[in-house]
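S.K.: Dumping the structure here so I can ask a few things about it.
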């Protein structure tokens, strides 16, 4: 199976976010020291709808 490069996956998620709700979660207590903050920034750069 072919894998999409990470940037293409982020582009796809950003597009999907404009028409569907989804969430990304983890068990980190502090979002500022977590991968969620990095993902949120990357998605925002791609025009994702972020609640």
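S.K.: Write down Rg/Rh for the chain, rounded to two decimals, with Rg from the C-alpha atoms and Rh from the Kirkwood relation over Cα pairs.
M.R.: On the way: Rg = 11.8 Å, Rh = 11.8 Å.
The Rg/Rh ratio comes out at 0.99.
S.K.: Further, regarding this structure: Expressed as an acute angle from 0 to 90° and rounded to the nearest 10, what is the orientation of the C-alpha long axis of helix 35-45 relative to the principal long axis of the chain?
M.R.: Here the helix axis deviates by roughly 50 degrees.
S.K.: While we're on this one: Give me the number: length gained by fully extending residue 2 to residue 24, i.e. 0.36 nm times residue separation minus the C-alpha to C-alpha distance, one decimal in nm.
M.R.: Numbers: separation 22, 0.36 × 22 = 7.92 nm, distance 2.34 nm.
Here the answer is 5.6 nm.
S.K.: Could you work out the relative contact order of the chain? I mean the mean sequence separation of Cα pairs under 8 Å and 6+ apart, divided by the number of residues, in percent. It would help to have the intermediate numbers written out before the result.
M.R.: On the way: 27 pairs, mean separation 26.3, N = 51.
That works out to 51 percent.
S.K.: Ranking request for peptides 19-32, 2-15: highest mean number of other beta-carbon atoms within 10 Å first, then the rest in descending order. Can you show the working numbers first?
M.R.: Details: 19-32: 8.0, 2-15: 11.6.
Descending packing order for the listed peptides: 2-15, 19-32.
S.K.: Cα axis of helix 6-17 to longest principal axis of the chain: angle in degrees, 0 to 90, nearest 10?
M.R.: That works out to roughly 90 degrees.
S.K.: What nm value, rounded to one decimal, do you get for the distance between residue 35 and residue 9 when each label is placed 7 Å out toward the C-beta?
M.R.: Those two pseudo-labels are separated by 0.8 nm.
Computed from the coordinates by the stated procedures, all read-outs in this text should not be read as laboratory data. None of these values were measured; they are calculated from a predicted model. A quick note on method: Cβ atoms are made from the backbone with ideal geometry, for glycine too, and the neighbour counts reach across all protein chains shown.
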